[in-house]
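Derivation of every value follows stated rules applied to the coordinates shown; laboratory data play no part. In this text the structure is predicted, and so the values were computed from the model without any measurement. Please note: Cβ atoms are built from the backbone with ideal geometry, for glycine as well, and neighbour counts cover all protein chains shown.
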Amino acid sequence: MLLNDTDYWDLMKSFFNEEGLVKQHLDSYNDFSRNTLQQIIDEIGGIQIEVPNHTYKIRFGAIEIGEPRVVEVDGTVREVYPREARIRNLTYKAPLYLEIELDDEGRETYERVNIGDLPIMVKSNLCLLGRHTEDELVKLGEDPQEVGGYFIVNGSERVIVSLEDLAPNRVLVEVDNRGSKPVYKGKVFSTTVGFRARIEMSLKSKGEIVVSIPGVPVPVPFVILMRALGVETDRDVAEMVSLDPDILNELEMSFRESSATQTIEDAVLYIGNRVAFGQVREFRIKRAETILDRNLLPHIGREPDHRMDKAIFLGEMASRIIELKLGLRKEDDKDHLKNKRIKLAGPLLAELFRSAFWSLYRDMRYQFRRMSTRRKGVLISAAVRPGIITSRIQHALATGNWRRGRVGMTQLLDRTNTLSTLSHLRRLQSPLSRSQPNFEARDLHSTHWGRLCPNETPEGANCGLVKNLALMSSVSVGTDPEKIKRTLEFMGVIRAKDADEQLRHSGTKIFVEGYLLGYTTIPDIIVNTFRDMRRKAEVSTESNIAFYRKYNEIYVNCDEGRIRRPLIVVENGKPLFKQRHSRNLRSARWQWSDLVREGIIEYLDADEEENAFIALDQESLNENHSHMEICTYTILGVGASIIPYAEHNQSPRNTYQAAMAKQSPGVYALNYRERTDTRGHILHYPQKPLVATKPMDVIGYNDRPAGQNFVLAILSNIGYNMEDAIIFNKGSVQRGLGHSSFFRIYKSVCKQYLGGSKDRLVIPEAGIRGYHGAEAYRRLEEDGLIASDAEVKGGDILIGKTSPPRFMEEYRGFEVRGPQLRDTSIGVRPNEVGVVDSVFITKDIEGSQLVKVKVRSNRIPELGDKFVSRHGQKGVIGMLVPHEDMPFSTSGVVPDIIMNPHAYPSRMTVGQFVEAIGGKAASLRGEIIDGTPFSNEEPKSLQELLKELGFQSGGREMLYDGMSGQRFEAEIFLGVAFYQKLHHMVVDKIHARARGQVQMLTRQPTEGRARGGGLRFGEMERDCLVGYGAAMLLKDRLLEESDAYTIYVCERCGKQGFYDIRQRKYACPICETKADIEPVTVSYAFKLLLQEMQSLCLSPSLMLAKEVE
């Protein structure tokens, strides 16, 4: 029996119920806190300190993470929740405790020491919110549907944006065509714990192969490097590369170039001469061996006994480069997702913690050495300074500045609405520069199907570089490769070291995480057995295997950061997901993980998908298929999956909507009254869309929508909806259409200064420095704070505060009155009006008083406000028409908005027509219409529904003009569409200026709306006036209204004069008594230019001519 849409929808819902939408961040962080932290400590192990007549041995034991807590200024410790951290500008963090054992020549002491604090990811295993039910969360003042996945640092929510990077430890071959002859290159980013080395091998135009190693200034010939690694004879070197005579012929030049170096010692010395030139022989050899062990392929091992493994890896690398030259292999596709890895919070924090712990390690060593010289002996707790780790990690998260000069790694979480928050948490960033074209990197790749959203990407410089995860994609956490290697050996894989000539010639190579494990003669059996074991959960479900017949190679991946997607397993042309499984899911007897464990569902990465033949749906299944899609619409991401009938739109329109959905006010959090976000928007009457999509349910969009259903007429009526403008029904707006509230936080801290002086919350007295005038303080109460519900406007003071003078030295000497206070009150921004919503009075981490005032302004749609449908059809309000003047239908329906028909032909957003018809049918039928892309109620069925209900199938109706009462000759399209209000409102953008601030240097008006700046009359505008010959208007704009200034010029010498106050006359410093001074009006910027030229020892003279009468 065929399963229907509902069964697959239930399957998809079970995935989201278990996995959630930010699982990748939480999994990665949990893995970091559970495993990686301990691994970093174990890597370092301990410290051995030798001081005269004494040796201390310090061993590091287990690391533990405590409960999230706050240490108050008086030393009290108590648990802290995210809500309090946000309001009080705290960091949501927990203490790290490390067991340290000190061996003082036989006397052992053991201590559990706090080594620092670790920021806690909200909703991770360490977070307190995960232990409470939804009702308890509401009582705690938290949002019951909080998704988590971010950190709270100094009160602000920071998210680590996932980084997309090239896969480490994988050989990528490419052709460099920049020179006259092609150079064939193979490179590998050898990455091990806390260390990354880029090894590059090149086959030059002359035919010799060289290898670039970090720390060696010149490339090392391949054969010499192989000898240095212990492969002595030419035959052994050649066999390491390949047994194919065509490939071996290409090595001839390399052997010739290295013929002078025949022994292992000579080869090591060759490298030593290049890294330690002029040093003694022993030092050169030692230095070269260190380079071979430490810098060359560190991921294989960093000890001398790993050299042969490194030689095998390099041989494989050389073989691939020669195969590329001979045309036996193609260039590796850097944009294929098999060659990409996603760095999530876990690996990035591990990198940060490792460097912070090394700093602590060095500091501990220094402290122990200092203590050991004292009589009292050594105290473990005194040697550990917890601030080192705390400040390093916290500073990186707060600023986004990571190691190795990377910036912008963390961002402020977008809280415009639920959708923008989820989208931000599922975002991927490419490390490529946005200033370069990189066309291939920006393109949509076939492997993005089901893994990355094809529509959700920004416009402009970041297009295609910033991507978003598709709905059902997940990022692997990884599993231990050693277990996988043992499993493969048990299946009959023979290690590369032990393989004989015959096996190497005919066998299939097996790579585990890019490293050549060995050979097999039964590739199909091994691959199929491995997959069966994985489906039976005998092998980790995190692993994937792919067999490339063309190259006779098997790849096994089990590392973290691969984007994978779930698919239904198909056997003999039938899906393993049956009706009974669907029933089990519905009755909650089974969960998603049960299906994965039973082998009904399996996750494929981009590598293994190359071996799969996937059916789109059950109807297209046949015997050859290996897998089947769960739901086709899950190829879209969070932003694009709310677009109904998206398959009927032109592609860029869906991209525009995905971007604008993140800018529409909705209900971003249920606890918005308890939050102190700098800015926040709340829509007053959010409505569920009448035409919905299935993913809306799992995203939570139906619970917290960000828009309203508008009755839409398509008509170019009175010309006020030209160029995408929209005519609004004033009556609808008065009834609450599109109303929203805007919240802004104003905050102030009462700091304490050295010398005992501190800020005070008072109503400042007149005469104080920076006093705003009595009118500004009229709303303040005795404590210097404004009352809740007070109406305020631009310039009104919300927090009255006085501060001591900045520099006490100013008042020494002749000053008699003593220091004067400064007024540092916080006022409402100019041009803003509103009502004080709430006042938060608390203390920050340093014990200083912290005041936050939330001002609410009511935003009613007005001319110039921006609205958008779910199909990228954006427009501003062009006119608000009274209800009685709007067109009306025969049944008395009056549209909320009138849209211009010219918005459709070139943009081809047919989806909006279908949505409007669906919305009309939904309103009449009283049921929500399913408009999910690729799986919806067909437009034909909607048209038939309208016909049954007595309407025209195309959605057109007879309308009457509201002004004349006459019927329109044509029938007008009337439907219901979901519209989103955007936070670009005219009240935040309107700007004009007459007089105001000027810059100190040039005395020209300042720039920007926030500073009350002028409106730039630019070069092109000037050209227009020049063209018209409007000389006086030009003079008015560019001189009088800008920076007119009178200078005094001596007619005799052309230099600038001045007004001598003592003699009460104009004087010239050069001509003195003979001067003839004239006033000249010039631009102040010109006067500045003259003076700057004088500072360069150039003396400009101005030649004056008399004005023509």
TODO: Mind listing the lone cysteines of the chain, meaning no other Cys beta-carbon sits under 4.7 Å from theirs?
DONE: 127, 453, 463, 558, 631, 750, 1024, 1053, 1097
Open item on the list: Over the Cα atoms, compute the radius of gyration (one decimal) and Dmax (the largest Cα-Cα distance, rounded to a whole number) for region 927-1030, in Å.
Closed with: 27.0, 75
- [ ] Any aspartates and glutamates with Cα under 13 Å of the residue 843 Cα? List them, leaving off those in the same chain fewer than 8 positions away.
- [x] 72, 74, 84
TODO: Tell me what the chain gives for mean residue ellipticity at 222 nm when only DSSP H runs of n ≥ 4 count, each as -39,500 (n - 2.57), the sum divided by the residue total, rounded to 500 deg cm²/dmol.
DONE: -7500 deg cm²/dmol
TODO: Please name which of 1017, 725, 346 has its Cα lying farthest along the dipole of the chain towards the positive end, using unit charges on Cβ (Lys, Arg +1; Asp, Glu -1) and the Cα centre as origin.
DONE: 1017
Task: Lys/Arg +1, Asp/Glu -1 at C-beta; region 172-298 dipole; positive extreme among 217, 180, 231 - done: 217
- [ ] Search the structure for amide H atoms under 5 Å from the amide H of residue 231, placed 1.01 Å from N in the peptide plane, and list their residues when 5 or more places away or on another chain.
- [x] none
Open item on the list: Give the aspartates and glutamates reachable from residue 688 as a straight Cα distance under 19 Å; neighbours fewer than 8 places away on the same chain don't count.
Closed with: 697, 703, 896, 915, 927, 930, 937
Task: Mean Cβ neighbour count within 10 Å, used as a protection proxy, ranking 987-993, 322-328 highest first - done: 322-328, 987-993
Task: Burial ranking of peptide ranges 142-152, 454-464 (average Cβ count within 10 Å, highest at the top) - done: 142-152, 454-464
TODO: Would you mind checking which residues have amide H under 5 Å from residue 118's amide H? H placed 1.01 Å from N; only 5 or more apart, or other chain.
DONE: 94, 96
Open item on the list: Placing +1 on the Cβ of each Lys and Arg and -1 on the Cβ of each Asp and Glu in the chain, which of 161, 479, 799 has its Cα farthest towards the positive end of the resulting dipole?
Closed with: 799
Task: Residue-wise HN-Hα coupling along region 785-802, computed from phi with Karplus coefficients 6.51, -1.76, 1.60 (Hz; x: Gly, Pro) - done: 10, 7, 8, 4, 6, 7, 7, 10, 9, x, x, 5, 8, 9, 10, x, 8, 10
Task: Per-selection metrics, the chain (Cα): Rg and Dmax in Å - done: 36.4, 113
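Can you flag which of 467/866; 185/550; 23/981; 751/852; 343/467 are past 24 Å Cα-Cα?
Long pairs (Cα-Cα over 24 Å): 467/866; 23/981.
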- [ ] Could you size up the charge dipole of the chain around its Cα centre, putting +1 on the beta carbon of Lys and Arg and -1 on that of Asp and Glu, and report it in debye to the nearest 20?
- [x] 3100
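Among 515, 720, which comes first, then next, by fewest other beta-carbon atoms within 10 Å? Kindly include the intermediate steps, with their values, before the conclusion.
Details: 515 21, 720 18.
Listing 515, 720 from fewest to most nearby Cβ atoms yields 720, 515.
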TODO: Give me the distance between the Cα centres of region 691-740 and region 82-122, rounded to whole Å.
DONE: 52
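Where nothing but the Cβ of Lys and Arg (+1) and of Asp and Glu (-1) is charged, how large is the charge dipole of region 741-859 around its Cα centre, in debye to the nearest 20?
On the way: 20 positive and 17 negative charges, 67 e Å.
Once rounded to the nearest 20, the dipole reads 320 debye.
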Task: Amide H contacts under 5 Å for residue 1066, placed H, 5+ residues apart - done: 1060
Task: Nearest-20 debye value, region 106-152 charge dipole, Cβ charges on Lys, Arg, Asp, Glu - done: 240
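Taking neighbour counts of Cβ atoms within 10 Å as a proxy for exposure, in what order, fewest first, do 98, 296 appear?
Working: 98 21, 296 27.
Sorted ascending by nearby Cβ count, the order is 98, 296.
Please list 695-702, 839-846 highest first by mean number of surrounding beta-carbon atoms within 10 Å per residue.
Numbers: 695-702: 19.9, 839-846: 14.4.
Final packing ranking: 695-702, 839-846.
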